[in-house]
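Student: Dumping the structure here so I can ask a few things about it.
The values are calculated or read from the model by the stated rules, or taken from the named source; none is laboratory data. Because the structure is a prediction, the values reported are computed rather than measured. Glycine gets a Cβ as well: all are built from the backbone with ideal geometry, and neighbour counts include every protein chain shown. These accessible areas exclude ligands, DNA and RNA; they are computed on the full protein's heavy atoms, side chains included. Shrake-Rupley method; radii C 1.70, N 1.55, O 1.52, S 1.80 Å.
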Amino acid sequence: WKFCYPNAKLLITGRPNLFLDDAEMKSALGIARGSAAGPYCEAIYLAPFGLGQVRAALRESPAETREEIMDLASEDSKFREIVSRGSLLYVVSQLWSRERLSERREQITSAFVMDLFIRHSYRRQVEKLVTGLPFMTLNEAERDYFMCGIAAHMTAIRLPNQIRSDELSRVVKGLYDLIPESVSGKSTGV
C-alpha cells in the first residue's frame with residue numbers, strides 16, 4: 001500500500017493460492033470492503049482463452065505442435081478446457097513433442113499434464129546436478145518421495161494448495177526420518 005495515494009490505480013497480479021484461504025486473501029487485499037475509506041481492491045478474474053487466443057499463444061511453437069493442439073482442442077471439450085488456461089497451455093506445448101502427447105490423447109487431463117511436468121522438472125534438476133550446476137542433491141526418486149509425502153499430508157488434513165513453512169519443515173523432517181533405503185538407492189525414475 002506504500003504506492004497507493006489518492007486516486008491512484010494499482011494492478012496487483014497473481015494467483016489467489018498465495019493465501020491460505022479466501023478470507024485471508026480478502027482481508028490482506030481489502031477486497032469487498034463496505035466503504036471506500038482507505039485502500040481497497042476489487043478482484044478481477046481472467047476468462048479462459050478462446051480457440052483464437054489459444055492459437056495466438058502458440059504462435060512461437062513448432063507448426064506441427066500448434067496444429068495438433070488446435071485440432072484436438074477443436075474436437076475435444078475436455079482438452080479445450082485444459083489448454084484454455086494459459087499456464088497449462090504453456091506446459092502442454094512444452095511437453096507435446098517430448099512426451100508424445102499426440103499419441104496419448106485419451107490420457108490427457110490437467111492432472112496428467114501436471115504429473116508429466118513435475119516428473120520432467122525432477123529430471124531437469126537431476127541433470128543440473130550431473131552437469132555440475134549447484135542445486136539440491138536429491139535424486140529423482142527422492143524428490144518424488146518428498147513431494148508425494150507432502151501432498152498426502154496436505155490432503156489428509158484438508159489443506160488447500162498452500163502449507164505454512166513451519167508445518168512444511170515438520171512434514172519434511174518426518175519424511176526424512178522415515179525414508180526407505182530403497183528410495184535413496186534409485187538413481188532414475190520411480
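Student: With respect to I157, is the statement that it is at pLDDT 85 or above, surrounded by fewer than 16 Cβ atoms within 10 Å (Cβ to Cβ) and not small (G, A, S) true?
Tutor: When the stated conditions are applied, I157 passes them.
Student: Quick test for you: out of L178, L133, pick the one residue that is open to solvent by 40 Å² or more (accessible area, probe 1.4 Å) and at pLDDT below 80.
Tutor: Exactly one of L178, L133 is open to solvent by 40 Å² or more (accessible area, probe 1.4 Å) and at pLDDT below 80, namely L133.
Student: Out of curiosity, is K2 modelled with pLDDT of 75 or more, farther than 28 Å from L159 by Cα and not β-branched (V, I, T)?
Tutor: Taking the combined requirement at face value, the residue does not satisfy it.
Student: Can you list the helices (runs of 4 or more DSSP H) found entirely within segment 73-163 that contain at least 1 residues being more than 23 Å from Y176 (Cβ to Cβ)?
Tutor: Counting at least 1 such residues, we get 77-83, 86-95, 110-130.
Student: Yes or no: S165 free of Cβ contacts under 8 Å to residues at least 12 places away in the same chain, out of contact with any Lys or Arg (no Cβ under 7 Å at 6 or more places or on another chain) and surrounded by fewer than 15 Cβ atoms within 10 Å (Cβ to Cβ)?
Tutor: Yes; evaluated as a whole, the condition is true for this residue.
Student: Condition first: over 12 Å from I69 (Cβ atoms) and aromatic (F, W, Y). Now tell me which residues in segment 82-126 satisfy that.
Tutor: Of everything in segment 82-126, those that are over 12 Å from I69 (Cβ atoms) and aromatic (F, W, Y) turn out to be F112, F117, Y122.
Student: Here's another thing I want to ask about it. Taking segment 99-109 on its own, how many of its residues are closer than 25 Å to A63 by Cβ, touching a helix residue (DSSP H, G or I) at 6+ places or on another chain (Cβ under 9 Å) and open to solvent by 30 Å² or more (accessible area, probe 1.4 Å)?
Tutor: Of the residues in segment 99-109, 5 are closer than 25 Å to A63 by Cβ, touching a helix residue (DSSP H, G or I) at 6+ places or on another chain (Cβ under 9 Å) and open to solvent by 30 Å² or more (accessible area, probe 1.4 Å).
Student: Which residue pairs have Cβ atoms closer than 6 Å, lie 6 or more positions apart in sequence or on different chains, and pair a first residue in segment 67-87 that is open to solvent by 60 Å² or more (accessible area, probe 1.4 Å) with a second residue that is of a type outside the set (V, I, T) and part of a helix (DSSP H, G or I)?
Tutor: Every condition considered, the pairs that remain are R80/A73.
Student: Just give me the residues in segment 98-117 being in contact with a Leu (Cβ under 7 Å, 6 or more places away or on another chain) and among the polar types (S, T, N, Q), in sequence order.
Tutor: The one that is in contact with a Leu (Cβ under 7 Å, 6 or more places away or on another chain) and among the polar types (S, T, N, Q): S110.
Student: Please go through (1) under 26 Å from G14 (Cβ atoms); (2) of a type outside the set (K, R); (3) at pLDDT 80 or above for S110 and return the number of the only condition it doesn't satisfy.
Tutor: Going through the list (1) under 26 Å from G14 (Cβ atoms); (2) of a type outside the set (K, R); (3) at pLDDT 80 or above, S110 breaks only (3).
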